[in-house]
Amino acid sequence: MGPGGLTLFPDTELYREAESGTFDYLDERGLTEELLLFLDNLDFKGRLITHHTSSMNLNTMNFGKDKKRIVEALRKEMDCGDIDQLARLRSMKTGL
């Protein structure tokens, strides 16, 4: 299972909304909060692969076993991490 980020594709309604300013992207803090909320409430025993901007290794072969470590790492990122640096890293990504 792999929660991914939002990618807007040309010629879609959501893309047009983003272009016109009627759709607002989440900022880095919002993205991290969303991922934390999702994973904290997930009951899943399989492989997790995520492409979070953070340098944290959130990937695991057994999410059920590693869930506590992953959720705690995301909470620490929210409390102590450099959210502005994460935003800069995300802004340099050019593709999926």
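The magnitude of the dipole of the chain, with charges of +1 and -1 set on the Cβ of Lys/Arg and Asp/Glu and taken from the Cα centre, is near 640 debye. Taking the convex hull of the alpha carbon positions in the chain and averaging its projected area over all directions gives 6.8 nm². By the rule of a C-alpha distance below 14 Å, with chain neighbours fewer than 8 residues away ignored, the aspartates and glutamates paired with Lys65 are Asp40, Asp43. Between Asp40, Asp24, Asp84, the residue with the greatest mean-square fluctuation in the GNM of the chain (Cα pairs under 10 Å linked by springs) is Asp24. Within a straight-line Cα-Cα reach of under 14 Å, Lys45 can be paired with the following aspartates and glutamates, leaving aside sequence neighbours fewer than 8 residues apart in one chain: Asp66.
Each value in this text was obtained by applying a stated rule to the coordinates, not by laboratory testing. As the structure is a computational prediction, the values presented were derived from the model and not from experiment. Note that we place each Cβ from the backbone using ideal geometry, even for glycine, and neighbour counts take in every protein chain shown.
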